[in-house]
Every structure is written in C-alpha cells, then in structure tokens.
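In what follows, a single structure is set out as structure tokens and then discussed.
Every number in this text was worked out from the coordinates using simple rules, so none of it is lab data. In this text, all values refer to a predicted model and were calculated from it rather than measured experimentally. Cβ: placed from backbone, ideal geometry, glycine included. Neighbour counts: every protein chain shown.
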Amino acid sequence: MQQFRPSRWRRLFMPCLLAVSCTAAQAQSVQVLHWWKSLSEQQAVNLLTTKLAQDNLQWRDGLVPSGSGVGASIVLKSRILAGNAPEAAQLNGVLVSEWAELGLLLDIDSVAQSGKWEKNLFPKVWNLIQVKNHVVAAPLGVHRINTLFYNKKIFSKLELEPPASWEEFDQLIPKLQQAGITPLAQSSEIWQVATLFETVLLSVSNPAFYQDVFVRKQPSAFMDARFAQALKRLRLLKKAMPNPVPDKLWMDLSRQLADGQAAMLIMGDWVKGELNALGQSTDVGFSCVAVPGTAAYHIYDVDTLVMLAKDNSKRSAQEKLAQWVVSPALQQEYNQVKGSIPVLRNADTGKMDSCARNAWKVFSSGTAAQVPSFAHRMATDEISRDAMMNEIHRFFMDDQMTVGEAQKRMATMVRALPKNKAGNDAQDINR
C-alpha cells in the first residue's frame, strides 16, 4: 500500500482549507439587540436575516425576552457597562438622541451620504436620525398609531359600518354586545392604555394642543377643557371593553380580533402585520380606518437601529447593516411583513395594501399631519413619558377618580418634569 505522505496531504487539501479560510474571513456578523418577539415581528427578523445572509452578513439574534423597549434599554445599558455591547440595537425616538449625546453611538454619515438618505428619506425621518449634524441611526419603517382595526366578517354579518365619529362608535356598542361580541379589545398594560389615550386626545383636539400636552408639557394644557374631554372619552370607552379590563399582551388582543371574540382594536399598525401572520388577509378578514376624528393625522413611531460605538473591527459590518435596512428592496418587503410603511419617499405604493396606502398618503402630506407618538418615545424624554403614562393609567384603572382630580394631579406633576432640550418645537426634539 502506498504511504500517504504529509507533503502530498498538503498538496491535496491546502487549497480547500484556504478556500474555507477565505470564506470565513469574508463573512461578517453583527449581533442585534431588539424586542421583536411576536409572530409577525419574528417573521420580519427572519426576513432581515435571510436578506443579510445573501450579502454574507450574519444577523446574530439578540432578542430581549421582555418584549419591551424598557427591558431592552436596561439590558443594553448593563451590557455596555460590562464591556459586552452588541454591534447594533433597536432604539427608538428620543432615546436615540440621549444615547448619542453620551457618545455611545457610531455615526454612519458615510453610509447616509453614499445612499443619498437626505434626498430619499422623508424629511421627518431624516431629522429624527440626526444628532448634532451626524447620522446616528438607520430607519426601518414608520408605524401609524391612530389606527382602528375591525373584524370585517362581524361588521358584514351585523350590517355595520366602521365608525367615523365617536357618536357612531357609541351606537355600535350595544349592537355588538347584544350579539355576544366584545366591541373593543383592550389591555390594562400601561403602555397600551397610553397608546389609546394619545389617539383619543388628538381626536378631540388638534396637533398643536397634543404637543402642548406631550411635547411642551404646559400645565395649563392639562387644565384645558379638551384634556378633560379626552379623559371623559377614555372612561366612556371602558363601556366597550371587558370588565374588568384584562392585562393582556397586544398579540393576544390581535388574536381576539382575528378569532371574532372582539370587533375592534385601537393600536399601532403592527397589528396588521400580526393579523396577516395569523392568516388574516387585509380587507378580507379585517380592515382598518383612522381612529374617529384623526383621519387627517398620522401619529408616528419610527423603528430605528443604532450602531454601538465599539472598536473599528466591526465598523464595516455595522455600516453594511445600516446600508441594507434602508435599501429599497428590503424596505418594501420588511414593511409589508411588519405592518408599517417604508421610510423612503419614492416607495412603490402599488405594492401596498389599503391600510398602508392610506397611512402613506397621510404621512407624506407633510409636517402638519405628522404627530409624534407620546407612548412610543417620539414626543418627550423617558422620565416625563413614564410619569405621565402612570397618571393616565391611574385614572383609567380607578373609576372613583374624577376628571378634575386627574387634571390637577397631572398639571401639578408636569411642573416638576424636565423640559425638552431643543425647546418647544416637537420637530426638533431629536436633532
């Protein structure tokens, strides 16, 4: 038998080893910390993972089990303090500015310049991702918060029309209850109550007053008759909800709507992505309209990824991730799955469903229609957000608290809250 010499082994296998080594060297990876854990959110992550892999970039998943921005922020802070920061993280709204001010975020100016982001992004989105004239976040999509979803089969069977006013909404309640159906699905979770209230406040006022409350935090605004009207409407809506209001995840509420246990749900349009993931087709199993009184407005929440400032060994991979998430090909597919609309001004509306096209039309109409979400960190700092949300939730849960008492409590509280650094213009909060 012929002896197998090492020299011959090297000649036979070294080219293969070199090829494997080269492939491994070219492959890049980024760990992304996020809180997307619902069925549709995981589908969106899987899409991102697949698309990035085609460009030899590995998405290493860093899901925070809590499924909330608060939990993710705590985890991110602890990892940075431990010297184990991920390469990228989901970070939204005002928090982007706060983290950038601390020097924790990598600027991606070169990516934005080469991708012509200033030209291609909605101006509102372009402003949101800049801090001190540096681009510090890659935008993924724009969600519309003031969306009312309704089960089409229920409405068709009972010969009902989606409400265009609160008076029409009130008229639907007894008809749905007589049919044994919960009119409005709702959770007692603090952020979900705040999400409902911000849409209600806008519905009975206007964007300027909304910003007086949530952005400028003017004590007089909380004593205004319009704020009282919003509190009264919030309490009236409880008549359409289960009693007591359960502490449920938004995904569970989406399933209730899909299963026909509830007729309506007021929530951000990530619900559309979830309903689609559950096998419900838009305009077949369900459809959506703007919350009564808010059809001309778009309460927005922009999903963004930030790159953490680490050693430069990961900069190339981080920049590739930022480049990919804003690319037209990924924007179209990702936002279809997530339920949001693309951040690009020239997106193909022909590929959008009716809910997305309507959201797109309103958001693209300009700044007069664009309202920053208070509940989803677009309007004010974290301390103020938490304080105001807790007071709104306290009123929602305690039917014995009067509207006047709630107004006085909040008016007193906001006097002690920090003022926004950039002054009184909501459009400049993150700049």
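What to note about this one:
- Subset of segment 312-343 (residues that are under 16 Å from the mean Cα position of the chain (by Cα), among the hydroxyl-bearing types (Ser, Thr, Tyr) and more than 19 Å from LYS361 (Cβ to Cβ)): TYR334
- Complete set of residues in segment 366-381 that are at positive phi and crowded, with 21+ Cβ neighbours inside 10 Å: ARG377
- Residues that are over 19 Å from GLN42 (Cα atoms) and either acidic (Asp, Glu) or out of contact with any strand residue (DSSP E or B) (no Cβ under 8 Å at 6 or more places or on another chain) (or both) within segment 330-364 comprise ASN346, ASP348, THR349, GLY350, LYS351, ASP353, ARG357, LYS361, SER364, listed in sequence order.
- Just one of the listed residues (ASP247, ASP224, ASP283) is over 23 Å from GLU189 (Cβ atoms), in contact (Cβ under 8 Å) with a residue 40 or more places away in the chain and out of contact with any strand residue (DSSP E or B) (no Cβ under 9 Å at 6 or more places or on another chain), and it is ASP283.
- Qualifying residues in segment 357-396 (those that are in contact (Cβ under 8 Å) with a residue 60 or more places away in the chain and of a type in the set (Val, Ile, Thr)) - the one farthest from PRO219 (Cα to Cα): VAL362
- Contact map, segment 286-298: first residue closer than 14 Å to LEU265 by Cβ, second residue in a strand (DSSP E or B), Cβ cut-off under 6 Å, separation 6 or more or different chains; pairs are PHE286/PHE149; PHE286/ASN151; CYS288/THR147; CYS288/PHE149; VAL289/LEU148; VAL291/LEU148; VAL291/ILE266.
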